[in-house]
1. So which strands (runs of 3 or more DSSP E) are wholly in segment B:172-246 and hold at least 2 residues that are touching a strand residue (DSSP E or B) at 6+ places or on another chain (Cβ under 8 Å), more than 14 Å from chain A (Cβ to nearest Cβ) and more than 16 Å from ligand 1 (Cβ to nearest atom)?
2. With respect to the numbered conditions (1) aromatic (Phe, Trp, Tyr); (2) more than 14 Å from chain A (Cβ to nearest Cβ); (3) away from ligand 1 (no atom under 16 Å from the Cβ), which one is the sole condition not fulfilled by B:PHE29?
3. When segment A:154-189 is examined, which residues are found to be touching a residue at least 24 places away in the same chain (Cβ under 8 Å), buried (at least 18 other Cβ atoms within 10 Å of the Cβ) and facing another protein chain (nearest Cβ under 10 Å)?
4. Restricting attention to segment B:193-236, which residues are farther than 22 Å from B:SER182 by Cα and within 16 Å of ligand 2 (Cβ to nearest atom)?
5. What single numbered condition from (1) modelled with pLDDT of 95 or more; (2) of a type in the set (A, V, I, L, M, F, W, C); (3) under 17 Å from A:GLU210 (Cβ atoms) fails to hold for A:ILE144?
6. If we scan segment B:144-154, do we find a residue that is away from ligand 2 (no atom under 16 Å from the Cβ), under 28 Å from B:GLY44 (Cβ atoms) and among the hydrophobic types (A, V, I, L, M, F, W, C)?
7. Considering each of B:LEU93, B:LEU57 in turn, give the residue that is modelled with pLDDT of 90 or more, within 30 Å of A:LEU184 (Cα to Cα) and within 9 Å of chain A (Cβ to nearest Cβ).
8. Look at segment B:96-117 and say how many of its residues are of a type in the set (Val, Ile, Thr) and within 10 Å of chain A (Cβ to nearest Cβ).
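The values are calculated or read from the model by the stated rules, or taken from the named source; none is laboratory data. Only a predicted model underlies this, so the values are computations on that prediction, with no experimental measurement involved. Quick reminder, even Gly has a Cβ in these numbers, built from the backbone with ideal geometry, and neighbours come from all protein chains shown.
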Amino acid sequence: MYSLEHKKYLQKAKKKNFLIKLTQIFILIIFLIIWQLLSDYKIINPFVFSSPTKVFETIISLHNSGDLYNHILITVWETFISFILGTLLGIIIASIMWWNKFLAKVIDPYLTILNSLPKVALGPILIIWVGAGMQSIIVMALLISTIITIINVYQGFTNIDPIKIKLMKTFKATKSQIYFKLILPGTLSNIISCFKVNISMSLIGVIMGEFLVSKEGIGYLIMYGSQVFNLDLVITGTIILCIVAVIMYGLVLYLEKKLIVNK
Amino acid sequence: MNELLKIKNLSKNYHTKQDETLAVDNFSFDLKNGDFVAIVGPSGCGKSTILNILAGLDTKSKGDIILNEKNKIGYMLQQDALFNWKTVLENCLLGLEINKNLTKENKDYVLDLLNTYGLKDFINSYPNTLSGGMRQRVALIRTLATKPDLLLMDEPYSALDYQTRLSVSDDVYQIIKKEKKSAIMVTHDIAEAISMADKIIILSKRPSTIKKIIDIKLTDKSTPIKNRKAKEFGYYYDLIWKEIDHDV
Ligand SMILES: Nc1ncnc2c1ncn2[C@@H]1O[C@H](COP(=O)(O)OP(=O)(O)OP(=O)(O)O)[C@@H](O)[C@H]1O
Ligand SMILES: [Mg+2]
């Protein structure tokens, strides 16, 4: 179907892509090999810097004791809950602000303050108020994800072209019709791009919370490892966290592709 | 012919923190059924304001607007304001949807309009695949879908290039005449006004008052493009050009 020139162009693009992937994998392998060698020859302190084989052994032993999946599951679950709650709450509050401009103006400075406050500072208060358990972790994650959602979604709402609102009014649309037929669908892509931010924010909040209070989860694993000076465990936990984060982010990206059919 | 709309001594004041602006002053005009009226006037004189008030989007400060209860107003804006997440058909049904009037009959009417006015193959396309002229036609059909008796148009073609503008205004004119609508069109383009309207209202600088109302009588009046060749065209052009307050 395509001309020869176009075929060549496609081939070239494909080749380029493949080369990029290959280089990325190559870098990872080189990194692991160097890490292993440096550790084997004691150029870096293996006790402090661990090594790929030690990490692997730690994963195996966690797997054998059955703890590994419990920790992962707990963290994923907490993140999931915070993500859903934070996103919903953020959208609802942004909607109320859109509905009531007076309220929006009133709470604007408070939102700015809350947004710029490093939420981890609230940790100690949270433990006392909410209790040292999963609730604190989720509240911590909510604090982080909700406020940024409110700000982003509300900005999306107010960025809707005023001409479109005027158009709705020429048809005598009610405020709720404007909201449901224009504002919400018109901001859908903003809201979905918020998901991406939120899944990361929620995970950050959950890990912060687990550092502070928990008895389970990947954050706890890392914290525990550092307390007993088991650096293998700390590094293993961090690597597992990386993998979990990438998978969750990937899922949201997939969701985004499915939801935005036409843009 | 009976009157569709009576406007008596309409005035509009805008209030801002800095100032109070009298945008429209003592504007009176009667519109007959089936009339096509154009409003021309210097930039910022209050043309959009008049249409906004007629459409109920803005409040008047003084005066009376008398419109028969039965008669509906449709407003076509300068920008097409199509929703890019809706198909052409869905966009056209927006007004009916809002008025909870989405009957089979009304939907067929819209489909009919789309078929008749060159959008047959684009009914299920999204607006981003349409040309500027097509988008403007979709916007017109969206306005016509609610079957208004009076059509308000605020510089409906100013976003289009000259060629498209000529052909779309020809189409729109024919749609309006065929569907037997009355229309008030605001425009900056004197030639466009002469080629389309039966009557032209010339407004003064702000606060806009009526400077002159000119009846356009062209020999062999037909479509806008052909009307431009009428022998009276130049005469009207000069007349209106002299009446409008030019700042430069
Ligand atoms: N919402 C508003 N608040 C305050 N002043 C306004 C408002 N809308 C319009 N005005 C002022 O009223 C005057 C008339 O505005 P309007 O938009 O009706 O002019 P126009 O004739 O349509 O101009 P243009 O030819 O540029 O479209 C302008 O001076 C404008 O600054
Ligand atoms: Mg205007």
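1. Working: elements: B:182-186, B:199-203, B:210-215.
Those strands (runs of 3 or more DSSP E) span B:182-186, B:210-215.
2. Of the numbered conditions (1) aromatic (Phe, Trp, Tyr); (2) more than 14 Å from chain A (Cβ to nearest Cβ); (3) away from ligand 1 (no atom under 16 Å from the Cβ), the odd one out for B:PHE29 is (3).
3. Once the filter is applied, which keeps residues that are touching a residue at least 24 places away in the same chain (Cβ under 8 Å), buried (at least 18 other Cβ atoms within 10 Å of the Cβ) and facing another protein chain (nearest Cβ under 10 Å), segment A:154-189 yields only A:GLY186.
4. B:SER204, B:LYS205, B:ARG206, B:PRO207, B:SER208
5. Going through the list (1) modelled with pLDDT of 95 or more; (2) of a type in the set (A, V, I, L, M, F, W, C); (3) under 17 Å from A:GLU210 (Cβ atoms), A:ILE144 breaks only (1).
6. If we filter segment B:144-154 for residues that are away from ligand 2 (no atom under 16 Å from the Cβ), which is where we start, we get B:144-151.
This time we only want the ones that are under 28 Å from B:GLY44 (Cβ atoms), so: B:148, B:150-151.
Retained after the next criterion (residues that are among the hydrophobic types (A, V, I, L, M, F, W, C)): B:150-151.
Taking every residue of segment B:144-154 in turn, at least one turns out to be away from ligand 2 (no atom under 16 Å from the Cβ), under 28 Å from B:GLY44 (Cβ atoms) and among the hydrophobic types (A, V, I, L, M, F, W, C).
7. Working: B:LEU93 fails: within 9 Å of chain A (Cβ to nearest Cβ).
Step by step, each of B:LEU93, B:LEU57 is checked, and only B:LEU57 is modelled with pLDDT of 90 or more, within 30 Å of A:LEU184 (Cα to Cα) and within 9 Å of chain A (Cβ to nearest Cβ).
8. Residues of segment B:96-117 that are of a type in the set (Val, Ile, Thr), as a first pass: B:98, B:103, B:110, B:116.
From the residues that got through so far, the ones that are within 10 Å of chain A (Cβ to nearest Cβ) too are B:98.
Looking only at that region, the number is 1.
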